[in-house]
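One structure is given here, and the rest of the page talks about it.
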Amino acid sequence: MQRFVDSALAVSKESMKTVSYEYVQIIVRYVNGVSALLLSLLPGKTSILEGMQGWELRPAFSGPRFPRWMENGVSSFNEFIHHLSIDSDDSSSSDDTSGEQDLDKNICHSPSPRGFMLPRASPFSRRHRNKITWIALIISWVLIPMKLFLAVLPYLFSFLFLWKVGSHSDSNTLRVPHVSSLKKMQALRDQFIRRATDRRRGVVEDIQLGLEIFIESIFDVFHKAAVYFFSPVDAVKAMCGWFSSRYMSRQDMAVVSNHSTVMSRMGDSDPALMEGSPSFANLMNSDARTCQDVITELGYPYEAIKVITDDGYILLLERIPRHDARKALFLQHGILDSSMGWISNGIVGSPAFAAYDQGYDVYLGNVRGLVSREHVNKGISSWDYWRYSINEHGTKDIPAMIQKIHETKMSELKRCNPDIEVESDDQPYKLCAVTHSLGGAALLMYVITRRIEEKDHRLSRLVLLSPAGFHGDSGIVFNLVEHTFMLVAPILAHFVPAFYIPTRFFRMLVNKLARDLNNNPALGGLVQTLMSYVVGGDSSNWVGVLGLSHYNMNDMPGVSFRVALHLAQMQRSGRFIMFNYGSPSANMKIYGTPEPVDLGSRYDLIDIPVDLVAGRKDKVIRPSMVRKHHELMKEAGVDVSYDEFEYAHLDFTFSHREELLGYVMSRLLDVCPRNRS
C-alpha cells in the first residue's frame, strides 16, 4: 500500500511540474512572438541590431530546455514508468522476488516505448499482492511494542547523557566546542549553497524554480503523512527526534547566553564563526560580482584604495598593481558606468589586462555617483549627496585619485629603489590616461583647470575614446529631450535629486530582466530597438550591458540631476563649458566671471599629447563632435591625433575590439619613462 501511494504521489507531482513548466513556456513564447511581430513593424531595426552577435529578428520555436528535475535526461516520472514495465515483464516470467530486486535498482534508464504499455495480466499480479500488502501491514502493527521500545531506546540514552552533562560538567570546556562545530558546519553548508547556486537566473527561471519548489513542498507533506500512517515506528522516531532537538537547542541557547564573552573572543579568531547565512544576492542568483572578483578570478593581483575628496566623498580607486613599474595607466569610465567596463571582456579583450601585460601599473578610477552613497558623513541625505555636476568630476574626483596615484607610486618607487633622487619638478614614472565618453570631458576639464591654477596635473598622455564635451550635432531625439528637460528643469529640480534605482529589489529585477531579454531574442531585440531610438539610433548592445555585473542589486551607477542638466547646457550652447549656476552673480562667485568657463577656448593650456578616437556608428557622440575637439586643439597648437573606427558608443569598452586595443597600446608605448640610476 505504501508503495502504491508513493507511486501515485510521484506521478501527480511530476505531472503538475510538467503542466506548470509548459504553461510558463507558453506565456514566454506568446510574449516573444508578439515582440517579433512588433519588431517587424519598426523601421531601421536592421542597422540597429546588425552589430549584435547571436541576435535574431524572429522568435525561436525550438523545443524548451529540460527543467531542473530532468537534467539527467529523464524525469522521475519516466523512470517510474520504466521500472514499472520491467517489473510487469519480470513478474510474468519469474517469481515476485526477482521483480522486487529489479525495482530496487537505482539505475536511471531512458524510457522505451514499452514503458508506456499497460502491464500484462498474470495470476500473481493484483489479488495476491494486495493480500500480501494487508498481511504485512497487520504484522507491522502487531510488532509495534517491540519496535517502539527499540526505536525509543537510543533517544532515551542520549537524553539522559545530555541531562547529566548539562548539570554536572563544565560548560566552558564541553559545550562551547559543540556550538563551534555547529557554526563550522553551517559555514560549510553556506559555502556549498553559494557554489551550487552560482548560475545566474532570470525572472522566468525564478518563476519556474519557485513553482517547482512549491510543488515539491506540498507533495512532501503528503508523502510524510503517508509514511507516518503506514509506518507508525517512523512517526514515533520523528517525534522523539523532535523533542530531543528541542532540548538540545535550549541547552545551546543557554550556554551561548551565559558565555557570550567566550564566544565573542572565539568569533574574533575563528573565521568560520564569522560566516553568516548566504547573502540575499546569492540566494536570488543576481550577478553581484565586483571588479575585485573578476580580476582575482582571472589570476591577476588586485588592490583597493579608498580616496577621499575635498568635499568628503569616498571614492574607490582599484588597482592591478606593479609596484616597481615606471609607467602607470589611469582608466576612467563614462556616464552610467564603473571600473567594471575596462575588464568586462576578460583577459583577451580588456584594456586593463592588456596594459598590465605590457608592464603597466594599472589604476581603475570610479567617480562619485553610486547608489551606495559613500561619504565621510554617514548620515548624508540623497539631496546633499547628489548635488554635483561634471565640475566636481573634473575638479574634485579626478584630482583626488591622481594625487593618490602619485603618492602611492612615489612611496613604492622609493622603497624599491632607495638610492632614487627625485627633483621637485619631475617624477620618476609616467602616467597616461585612457578615458571613455564623460570621462574624457572630466579629464580635459582636470588638465585645463590644473593649468589655470598653475598646478601639476602629472599626466604624460591622454587617449580619449569618444569624449563628451561638444553635443551640438545631436539627433532629433536628443534635441527633443534637451529642450523638454531644460523646460521642466526648474520644477523638476525640487523633486528629483538624481536618476537612479533606489531599492535593491528593483535593481535586482533590472539585472534579471536583462537576462530574460537575452534568452528571448525577439523580446530582447524589441527592447534593444526602442532603447536605441532613445539614444539616437546607436547600435550598441544596450540590453547586454544591462546584464553586466556592475548593474547589480547591491550597487548601480546613477546620474545626478545636475550632471544631466550640465550635459543639456552643453548641447544647447554648442560649447564645451563648465556648469552654469543660473545667474551671473552665482557664476561670478564660482568662476570670477558672469559666464561659466569655456573649456574649448582654453585648449592652448593642454601641454601633453592627446589622441582622439571616434566611432563612425556612434550616435551618442557623433564623429563630428569629436572632430570639433580635434579642430580646436589643432588651432591651439596641441600635439593631437585623430582616428575613427567602425564602432558604436559602447563598443569602445564593452566589446572585444582587437583593432582598438592595438591602437591604444601603440599610443601608450610611445610614452617611455626615463631611466634613472
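Over all other residues within a Cβ to Cβ distance under 10 Å of I215, the charged ones net out to -2, with Lys and Arg as +1 and Asp and Glu as -1. Put simply, the C-alpha atoms of the stretch 343-428 give a gyration tensor, and the ellipsoid matching it has half-axes of 31, 21, 11 Å, longest first.
Under 5 Å from the amide H of I335 lie the amide H atoms of L438, G439, each residue being 5 or more positions distant or on a separate chain, with H modelled from the backbone and absent for Pro and chain starts.
For R461, the amide hydrogen comes within under 5 Å of the amide hydrogens of A433, counting only partners 5 or more places away or on other chains and with H modelled in the peptide plane. Amide H contacts for A498 (H built 1.01 Å from N in the peptide plane; partners 5 or more residues away or on another chain; cut-off under 5 Å): F561.
Measuring spread by the Cα atoms of the stretch 291-470 yields a radius of gyration and Dmax of 16.1, 50 Å. Note on the stretch 471-591: Cα-Cα pairs beyond 17 Å make up 68% of the total pair count. Per-residue Karplus couplings for the stretch 379-387, computed as 6.51 cos²θ - 1.76 cosθ + 1.60 with θ equal to phi - 60°, are listed in order as x, 5, 7, 4, 5, 6, 5, 7, 8 Hz, Gly and Pro entered as x. For the stretch 557-660, the alpha carbon positions stretch 50, 36, 20 Å along the principal axes, listed from largest to smallest.
Looking at the stretch 282-419, the DSSP beta bridges with both ends there are about 65 percent antiparallel. With K and R counted +1 and D and E -1, the other residues having a Cβ less than 12 Å from that of Y356 yield a net charge of +1. What does the charge count near R451 come to, summing +1 for each Lys or Arg and -1 for each Asp or Glu among other residues with Cβ under 13 Å from its Cβ? After counting each charged neighbour, the total is -1.
Once fully extended, how much extra length lies between K634 and K589, figured as 0.36 nm per residue of separation less the alpha-carbon to alpha-carbon distance?
Gain on extension, K634 to K589, equals 13.0 nm.
For the pair the stretch 354-412 and the stretch 477-521, the centres of their Cα atoms are 24 angstrom apart.
Values quoted throughout were computed directly from the atomic coordinates according to the rules given, and no laboratory measurement underlies them. Fair warning: this is a prediction, and the values are worked out from it, not measured in the lab. Backbone-built Cβ (ideal geometry, glycine too); neighbour counts: all protein chains shown.
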